[in-house]
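Report on the structure given below.
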Amino acid sequence: MTQMDDTRKQILHAAVERILHYGYSKTTMAEIAKDCNMSAGNIYRFFASKLDIAEAMARKFNEEAYETFARIADKKVSAADRMREIFHYELTRTYSAIADEAKILEVAEVLADERPLYMNEKLAKERTYLVQIMRDGMEAGEFRQIANPEEVAEMWQSALMKFRFPQLFSKLTLPKLQREIDGVMDLLLAGMSPGATQPAVWEGLPEAVDPHCVPGVEVVMKKHLNADD
(Lines give C-alpha, C1' and ligand atoms only; values in the text may rest on other atoms or scores of the structure.)
Protein backbone atom coordinates (compact mmCIF):
# COMPACT_ATOMS: atom_id res chain seq x y z
CA MET A 1 0.00 0.00 0.00
CA THR A 2 1.38 3.41 -1.02
CA GLN A 3 1.54 6.53 1.13
CA MET A 4 -1.33 7.97 -0.95
CA ASP A 5 -3.42 4.90 -0.14
CA ASP A 6 -2.55 5.22 3.56
CA THR A 7 -3.58 8.87 3.60
CA ARG A 8 -6.83 8.16 1.77
CA LYS A 9 -7.59 5.40 4.27
CA GLN A 10 -6.81 7.76 7.17
CA ILE A 11 -9.18 10.40 5.78
CA LEU A 12 -11.95 7.86 5.24
CA HIS A 13 -11.52 6.49 8.76
CA ALA A 14 -11.70 9.98 10.26
CA ALA A 15 -14.76 10.81 8.16
CA VAL A 16 -16.58 7.66 9.24
CA GLU A 17 -15.88 8.39 12.91
CA ARG A 18 -17.15 11.97 12.64
CA ILE A 19 -20.19 11.25 10.45
CA LEU A 20 -21.35 8.39 12.66
CA HIS A 21 -21.07 10.68 15.69
CA TYR A 22 -22.39 13.99 14.37
CA GLY A 23 -24.22 13.03 11.17
CA TYR A 24 -23.48 13.72 7.52
CA SER A 25 -25.05 17.18 7.29
CA LYS A 26 -23.24 18.44 10.40
CA THR A 27 -19.83 17.26 9.20
CA THR A 28 -17.59 19.50 7.12
CA MET A 29 -14.52 18.77 5.06
CA ALA A 30 -12.56 21.22 7.23
CA GLU A 31 -13.44 19.22 10.36
CA ILE A 32 -12.39 15.95 8.73
CA ALA A 33 -9.11 17.57 7.69
CA LYS A 34 -8.53 18.82 11.23
CA ASP A 35 -9.11 15.30 12.58
CA CYS A 36 -6.39 14.10 10.18
CA ASN A 37 -4.00 16.93 11.13
CA MET A 38 -3.93 18.22 7.58
CA SER A 39 -5.14 21.30 5.74
CA ALA A 40 -8.59 21.47 4.22
CA GLY A 41 -6.95 22.06 0.84
CA ASN A 42 -4.92 18.87 1.13
CA ILE A 43 -7.96 16.68 1.75
CA TYR A 44 -9.40 17.70 -1.63
CA ARG A 45 -6.45 15.98 -3.30
CA PHE A 46 -8.01 12.69 -2.21
CA PHE A 47 -11.76 13.42 -2.20
CA ALA A 48 -13.31 16.08 -4.41
CA SER A 49 -16.28 16.52 -2.09
CA LYS A 50 -17.98 15.25 1.03
CA LEU A 51 -20.33 13.33 -1.25
CA ASP A 52 -17.34 11.43 -2.64
CA ILE A 53 -16.43 10.47 0.92
CA ALA A 54 -19.98 9.26 1.52
CA GLU A 55 -19.81 7.10 -1.60
CA ALA A 56 -16.43 5.71 -0.51
CA MET A 57 -17.99 4.82 2.86
CA ALA A 58 -20.82 2.98 1.11
CA ARG A 59 -18.45 1.13 -1.20
CA LYS A 60 -16.39 -0.01 1.77
CA PHE A 61 -19.55 -1.14 3.58
CA ASN A 62 -20.67 -3.12 0.52
CA GLU A 63 -17.37 -4.90 -0.11
CA GLU A 64 -18.19 -7.38 2.64
CA ALA A 65 -21.67 -7.88 1.21
CA TYR A 66 -20.33 -8.83 -2.21
CA GLU A 67 -17.91 -11.31 -0.66
CA THR A 68 -20.80 -12.86 1.27
CA PHE A 69 -23.03 -12.95 -1.82
CA ALA A 70 -20.30 -14.83 -3.68
CA ARG A 71 -19.97 -17.40 -0.87
CA ILE A 72 -23.74 -17.89 -0.73
CA ALA A 73 -24.02 -18.25 -4.51
CA ASP A 74 -21.37 -21.01 -4.47
CA LYS A 75 -22.96 -23.04 -1.66
CA LYS A 76 -23.96 -26.63 -2.39
CA VAL A 77 -27.54 -26.19 -1.26
CA SER A 78 -30.76 -25.65 -3.18
CA ALA A 79 -31.06 -22.57 -5.36
CA ALA A 80 -34.18 -21.53 -3.44
CA ASP A 81 -32.29 -21.59 -0.15
CA ARG A 82 -29.50 -19.51 -1.64
CA MET A 83 -31.95 -16.91 -2.96
CA ARG A 84 -33.54 -16.70 0.47
CA GLU A 85 -30.19 -16.42 2.23
CA ILE A 86 -28.96 -13.54 0.10
CA PHE A 87 -32.00 -11.38 0.77
CA HIS A 88 -32.25 -12.34 4.45
CA TYR A 89 -28.57 -11.50 4.88
CA GLU A 90 -29.02 -8.08 3.28
CA LEU A 91 -32.14 -7.31 5.35
CA THR A 92 -30.55 -8.30 8.65
CA ARG A 93 -27.28 -6.54 7.85
CA THR A 94 -28.99 -3.28 6.88
CA TYR A 95 -31.40 -3.37 9.83
CA SER A 96 -28.56 -4.02 12.29
CA ALA A 97 -26.39 -1.28 10.80
CA ILE A 98 -29.16 1.28 11.20
CA ALA A 99 -29.98 0.10 14.72
CA ASP A 100 -26.34 0.38 15.78
CA GLU A 101 -25.52 3.60 13.91
CA ALA A 102 -28.70 5.54 13.19
CA LYS A 103 -26.80 8.39 11.50
CA ILE A 104 -25.69 6.06 8.71
CA LEU A 105 -29.25 6.34 7.36
CA GLU A 106 -28.56 9.95 6.44
CA VAL A 107 -25.64 8.83 4.28
CA ALA A 108 -27.86 6.27 2.52
CA GLU A 109 -30.52 8.91 1.83
CA VAL A 110 -27.99 11.39 0.45
CA LEU A 111 -26.51 8.79 -1.89
CA ALA A 112 -29.94 7.71 -3.09
CA ASP A 113 -30.75 11.32 -3.98
CA GLU A 114 -27.37 12.55 -5.21
CA ARG A 115 -25.70 9.43 -6.62
CA PRO A 116 -28.42 7.32 -8.28
CA LEU A 117 -25.86 5.83 -10.67
CA TYR A 118 -23.96 4.38 -7.72
CA MET A 119 -27.14 2.82 -6.34
CA ASN A 120 -27.89 1.32 -9.77
CA GLU A 121 -24.35 -0.03 -9.93
CA LYS A 122 -24.84 -1.69 -6.55
CA LEU A 123 -28.05 -3.40 -7.69
CA ALA A 124 -26.41 -4.51 -10.96
CA LYS A 125 -23.53 -6.08 -9.04
CA GLU A 126 -25.97 -7.99 -6.85
CA ARG A 127 -27.86 -9.29 -9.88
CA THR A 128 -24.78 -11.16 -11.08
CA TYR A 129 -25.05 -13.44 -8.05
CA LEU A 130 -28.81 -13.82 -8.39
CA VAL A 131 -28.46 -14.82 -12.05
CA GLN A 132 -25.78 -17.37 -11.13
CA ILE A 133 -28.15 -18.96 -8.62
CA MET A 134 -31.05 -18.94 -11.06
CA ARG A 135 -28.98 -20.65 -13.75
CA ASP A 136 -27.94 -23.30 -11.22
CA GLY A 137 -31.59 -23.80 -10.30
CA MET A 138 -32.63 -24.20 -13.94
CA GLU A 139 -29.81 -26.65 -14.63
CA ALA A 140 -30.79 -28.74 -11.60
CA GLY A 141 -34.47 -28.73 -12.62
CA GLU A 142 -35.40 -26.83 -9.48
CA PHE A 143 -36.56 -23.78 -11.45
CA ARG A 144 -38.47 -23.67 -14.72
CA GLN A 145 -36.51 -22.61 -17.76
CA ILE A 146 -36.32 -18.82 -17.82
CA ALA A 147 -35.34 -17.10 -21.05
CA ASN A 148 -34.29 -13.85 -19.39
CA PRO A 149 -32.79 -14.51 -15.92
CA GLU A 150 -31.19 -11.03 -15.82
CA GLU A 151 -34.62 -9.43 -16.14
CA VAL A 152 -36.14 -11.84 -13.62
CA ALA A 153 -33.38 -11.00 -11.15
CA GLU A 154 -34.27 -7.33 -11.57
CA MET A 155 -37.91 -8.14 -10.85
CA TRP A 156 -36.86 -9.95 -7.66
CA GLN A 157 -35.05 -6.84 -6.54
CA SER A 158 -38.09 -4.70 -7.35
CA ALA A 159 -40.48 -7.00 -5.48
CA LEU A 160 -38.21 -6.99 -2.42
CA MET A 161 -37.31 -3.29 -2.50
CA LYS A 162 -39.10 -2.64 0.80
CA PHE A 163 -36.61 -4.88 2.57
CA ARG A 164 -33.55 -3.27 0.99
CA PHE A 165 -33.84 0.36 2.05
CA PRO A 166 -34.32 1.46 5.67
CA GLN A 167 -36.58 4.31 4.55
CA LEU A 168 -39.15 1.65 3.60
CA PHE A 169 -38.99 -0.42 6.78
CA SER A 170 -42.05 1.42 8.16
CA LYS A 171 -40.63 1.21 11.73
CA LEU A 172 -41.37 -2.53 11.76
CA THR A 173 -39.38 -4.90 13.96
CA LEU A 174 -36.86 -7.24 12.37
CA PRO A 175 -38.97 -10.38 13.04
CA LYS A 176 -41.95 -8.70 11.35
CA LEU A 177 -39.85 -7.77 8.32
CA GLN A 178 -38.40 -11.29 8.17
CA ARG A 179 -41.91 -12.75 8.19
CA GLU A 180 -42.95 -10.45 5.35
CA ILE A 181 -39.88 -11.09 3.22
CA ASP A 182 -40.41 -14.84 3.57
CA GLY A 183 -43.99 -14.45 2.37
CA VAL A 184 -42.97 -12.44 -0.68
CA MET A 185 -40.19 -14.89 -1.53
CA ASP A 186 -42.62 -17.80 -1.24
CA LEU A 187 -44.65 -16.21 -4.03
CA LEU A 188 -41.60 -15.44 -6.15
CA LEU A 189 -40.19 -18.95 -5.81
CA ALA A 190 -43.59 -20.48 -6.61
CA GLY A 191 -43.57 -18.50 -9.84
CA MET A 192 -40.18 -19.99 -10.75
CA SER A 193 -41.09 -23.60 -9.98
CA PRO A 194 -41.06 -26.15 -12.85
CA GLY A 195 -44.84 -26.37 -12.92
CA ALA A 196 -45.42 -22.63 -13.04
CA THR A 197 -46.48 -20.94 -16.25
CA GLN A 198 -46.03 -17.32 -17.15
CA PRO A 199 -49.38 -15.53 -17.42
CA ALA A 200 -50.47 -13.90 -20.63
CA VAL A 201 -49.56 -10.27 -21.13
CA TRP A 202 -52.15 -8.06 -19.47
CA GLU A 203 -53.98 -6.03 -22.07
CA GLY A 204 -55.76 -3.82 -19.56
CA LEU A 205 -52.93 -1.32 -19.25
CA PRO A 206 -54.31 2.21 -19.46
CA GLU A 207 -53.36 4.36 -22.39
CA ALA A 208 -50.58 6.84 -21.85
CA VAL A 209 -51.93 9.95 -20.15
CA ASP A 210 -50.62 13.43 -20.73
CA PRO A 211 -49.52 14.58 -17.24
CA HIS A 212 -50.70 18.10 -18.11
CA CYS A 213 -54.25 16.74 -18.33
CA VAL A 214 -54.16 15.16 -14.87
CA PRO A 215 -55.72 17.38 -12.20
CA GLY A 216 -53.29 18.53 -9.53
CA VAL A 217 -53.60 17.88 -5.81
CA GLU A 218 -55.12 21.31 -5.21
CA VAL A 219 -57.87 20.73 -7.77
CA VAL A 220 -58.70 17.30 -6.37
CA MET A 221 -58.78 18.58 -2.78
CA LYS A 222 -61.05 21.50 -3.66
CA LYS A 223 -63.41 19.14 -5.50
CA HIS A 224 -63.74 16.86 -2.48
CA LEU A 225 -64.09 19.76 -0.04
CA ASN A 226 -66.86 21.25 -2.15
CA ALA A 227 -68.55 17.84 -2.29
CA ASP A 228 -68.56 17.75 1.50
CA ASP A 229 -70.33 21.10 1.58
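The values are calculated or read from the model by the stated rules, or taken from the named source; none is laboratory data. As the structure is a computational prediction, the values presented were derived from the model and not from experiment. Reconstructed Cβ throughout: ideal geometry from the backbone, glycine too, with neighbour counts over all protein chains shown. With ligands, DNA and RNA removed, areas are computed over all heavy atoms of the protein, side chains included. Shrake-Rupley method; radii C 1.70, N 1.55, O 1.52, S 1.80 Å.
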- re the range 1-47: pairs of Cα atoms spaced beyond 18 Å account for a percent value of 22 percent
- Message: Probe of 1.4 angstrom, ligands and nucleic acids ignored: what's the accessible area per residue over the chain, in square angstrom?
- Response: 62 Å²
- Message: Between Met155 and Tyr22, how high is the FRET efficiency from 1/(1 + (r/R0)^6) when r is the Cβ-Cβ distance and R₀ = 45 Å? Nearest 0.05.
- Response: 0.70
- Query: For the chain, what size does the Cα cloud have along each of its three principal axes, sorted from largest down, in whole Å?
  - Reply: 66, 64, 33
- Item | Under 24 Å between alpha carbons - lysine pairs in the range 54-192 that sit 8 or more apart or on different chains | 15
- Note on the structure: Carbon/sulfur accessible area of the range 115-160, % of total, 1.4 Å probe, equals 52 percent
- Item | Computed label-point distance, nm, for sites Ala200 and Thr128 using a 7 Å Cα→Cβ extension | 4.1 nm
- Per-residue [θ]222 nm for the chain (sum of -39500 (n - 2.57) over DSSP H runs n ≥ 4, rounded to 500): -22000 deg cm²/dmol
